[in-house]
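Only one structure is covered here, and it is reproduced in the block below.
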Amino acid sequence: MPSWDAEVYSAFADERSRPFTDLLARVRADDARRVVDLGCGPGPLTAGLAVRWPGAEVLGVDSSTAMIDAARPHAGPRVSFVLADLADLAAWAPAEPLDVVLSNAALQWVPDHRALLPALVDLLADGGWLAFQVPGNHDAPSHRALRAVAAQEPFAEHTAGVTRTAVAEPADYLGDLAGLGCEVDAWETTYLHVLAGPDPVLHWLEGTGARPYVDALPDPLRPAFTAALRDRLAEAYPARPWGTVLPFRRLFVVARRGAGTRPRGGGR
């Protein structure tokens, strides 16, 4: 997993929160009691889940120490946070069935995350909800620019081992979860984020997609990598009088577990 900077990540809080809101709108759990947010990040969206479900105990899980440190001030009587690998269910999953499991732009960092879906469904109560959103922008100009710069020398010898789990298509996730007996709603949305300031797409990537590449480089090479990436991004995303437009495709999946879908305990 890359290292995360909570402050840099939060610089585009409004843009990053909108998919979370759109995902949550399709979760029709009326009286949730146990809610988990996987990949909770700096915490404010997780804390908001306690407002959405006033009777719920809410747990935020993240594998980044920086993110959990930023999230802790948002803890409260019904909101807690734990540092754990999302795929290590034994480290965070409660013994009681869950009513809602959410994940906003986090599962794509879990290797072979589709193989984790049966275990997540297994954690749900009958009628419980699994909802997640993952970015579908692997072939966007921003990520092509990242890969192109990383493949150049002197960066290539350090970044050659950087990999990122590819996400599937919405229909693939639908098939995975329907095959587990869930009712599934899957869709995609391309947001047109209008970003302000100089080099905004570069700053966006510094909080997310560029982190694995930067982490792989020795400190002396990082400024040159950033400069080369800045040039490519400025060409791919030209500044306009009203701002810089960043199209961002995201994939959404909301699944509701049916009664008696599968024996519990198989995913633990």
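The values are calculated or read from the model by the stated rules, or taken from the named source; none is laboratory data. Just so you know, these numbers come straight off a predicted model, no measurement behind them. We place every Cβ from the backbone using ideal geometry, glycine too, and count neighbours over all the protein chains shown.
Residue check: Thr163 meets all listed conditions (1) closer than 30 Å to Pro118 by Cα; (2) β-branched (Val, Ile, Thr); (3) surrounded by 15 or more Cβ atoms within 10 Å (Cβ to Cβ) but one, namely (3).
Applying the selection to segment 1-27, what residues are of a type in the set (A, V, I, L, M), in a loop (DSSP other than H, G, I, E, B) and either crowded, with 20+ Cβ neighbours inside 10 Å or at pLDDT 75 or above (or both)?
Hits for segment 1-27 are Ala25, Val27.
Taking the criterion of being over 22 Å from the mean Cα position of the chain (by Cα) and surrounded by 18 or more Cβ atoms within 10 Å (Cβ to Cβ), the residues of segment 183-225 that qualify are Asp199, Leu217, Phe225.
Answer with yes or no whether Arg164 is closer than 19 Å to Asn104 by Cβ and either part of a helix (DSSP H, G or I) or in contact with a helix residue (DSSP H, G or I) (Cβ under 7 Å, 6 or more places away or on another chain) (or both). In short, yes. Within segment 122-157, being within 30 Å of Trp53 (Cα to Cα), out of contact with any Leu (no Cβ under 7 Å at 6 or more places or on another chain) and not small (Gly, Ala, Ser) holds for Asp122, Asp126, Trp129, Pro135.
Quick check on segment 141-163. Is at least one of its residues touching a Pro at 6+ places or on another chain (Cβ under 9 Å) and basic (Lys, Arg)? So far as segment 141-163 goes, no, none of its residues is touching a Pro at 6+ places or on another chain (Cβ under 9 Å) and basic (Lys, Arg).
Checking every residue in segment 190-213 against the condition of being at pLDDT 95 or above and farther than 21 Å from Pro141 by Cα gives zero matches.
Note on segment 138-156: among residues that are surrounded by 18 or more Cβ atoms within 10 Å (Cβ to Cβ) and of a type outside the set (A, V, I, L, M), the one that is farthest from Glu96 (Cα to Cα) is Phe155. State the number of residues belonging to segment 199-222 that are without any contact (Cβ under 8 Å) to a residue 60 or more places away in the chain, in a helix (DSSP H, G or I) and more than 13 Å from Val149 (Cβ to Cβ). Residues in segment 199-222 being without any contact (Cβ under 8 Å) to a residue 60 or more places away in the chain, in a helix (DSSP H, G or I) and more than 13 Å from Val149 (Cβ to Cβ): 4 in total.
Residue by residue through segment 28-57, note down the ones that are of a type in the set (Val, Ile, Thr) and surrounded by 21 or more Cβ atoms within 10 Å (Cβ to Cβ).
Matches in segment 28-57: Val35, Val36, Thr46.
Scanning segment 176-197 for residues that are closer than 19 Å to Val101 by Cβ and either of a type outside the set (Gly, Ala, Ser) or in a helix (DSSP H, G or I) (or both) yields Asp176, Leu177, Ala178, Leu180, Cys182, Glu183, Val184, Asp185, Trp187. Annotation note: of Val101, Val51, Val61, the sole residue that is touching a residue at least 40 places away in the same chain (Cβ under 8 Å) and closer than 24 Å to Asp185 by Cβ is Val101.
Yes/no matrix, rows are residues, columns are (1) surrounded by fewer than 21 Cβ atoms within 10 Å (Cβ to Cβ); (2) modelled with pLDDT of 95 or more; (3) not in a loop (DSSP other than H, G, I, E, B):
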| site | (1), (2), (3) |
| --- | --- |
| Leu59 | no, yes, yes |
| Ile68 | no, yes, yes |
| Asp85 | yes, yes, no |
| Val101 | no, yes, yes |
| Pro111 | yes, no, no |
| Val121 | no, yes, yes |
